[in-house]
Structures are given as structure tokens and as C-alpha cells.
Amino acid sequence: MLRLAEIGLFLLPIGLFVMWRVLTPHVRPVLLWIAMGCVMLLAGIAIGFGLRERMDPHSRYIPAHIQNGKIIQGTGVSP
């Protein structure tokens, strides 16, 4: 349910902007379609990145730490 609220809050300004552009009489439809296409492309990239970079649900997270003066990136370790 929280994800749905986050997505709704993210899409609210975009929806308001699209409504404003549609209701304005001197709008060129090509610009609206280009803007909508860009938003859809960015949403697809974000979803694809999230699906590709996720950890296994049962893996254990080891946070980033300093070892021998170097920063070691946080990782997920499978059980």
C-alpha cells in the first residue's frame, strides 16, 4: 500500500501538468506526446534499474565500512 502512495505522490505533479497542458487552448499536441513519452521512458528505466539491481529477499546486507583505509561498498550476502 505504501508503494502505491509513493507512486501516486510521484505522478501527481506530472498529472497536474498534463491536465494544465490539455486544458490550455493553444497547446501543440506534439509537445504533449513528447513529454509523455519522456516520462514513460524515464519510468521504464527506473523500473528496469530497480528490478536489475535488487538483492535477494533472504540475503543479509553488509553495510559499507572502512578496511585498511579504503571504503568497501555495502553488499548483500546470500545465506
- Message: If I filter the range 32-50 for residues that are in a helix (DSSP H, G or I), under 17 Å from the mean Cα position of the chain (by Cα) and within 26 Å of PRO79 (Cβ to Cβ), do I get at least one hit?
- Response: yes
- Task: Looking only at the range 6-25, decide whether some residue is closer than 30 Å to PRO79 by Cβ, assigned to a helix (DSSP H, G or I), out of contact with any strand residue (DSSP E or B) (no Cβ under 7 Å at 6 or more places or on another chain) and not aromatic (Phe, Trp, Tyr).
- Result: yes
- Note on the structure: Contact list, first residue from the range 20-46 and more than 21 Å from ILE7 (Cβ to Cβ), second anywhere and of a type outside the set (A, V, I, L, M), beta-carbon distance below 7 Å, six or more apart or interchain, is VAL27/ARG21; LEU32/ARG21
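Values in this text are rule-based calculations from the coordinates and carry no lab data. The structure displayed is predicted, hence computed values, not measured ones. In this analysis, Cβ positions are derived from the backbone assuming ideal geometry, glycine residues included, and neighbour counts consider all displayed protein chains.
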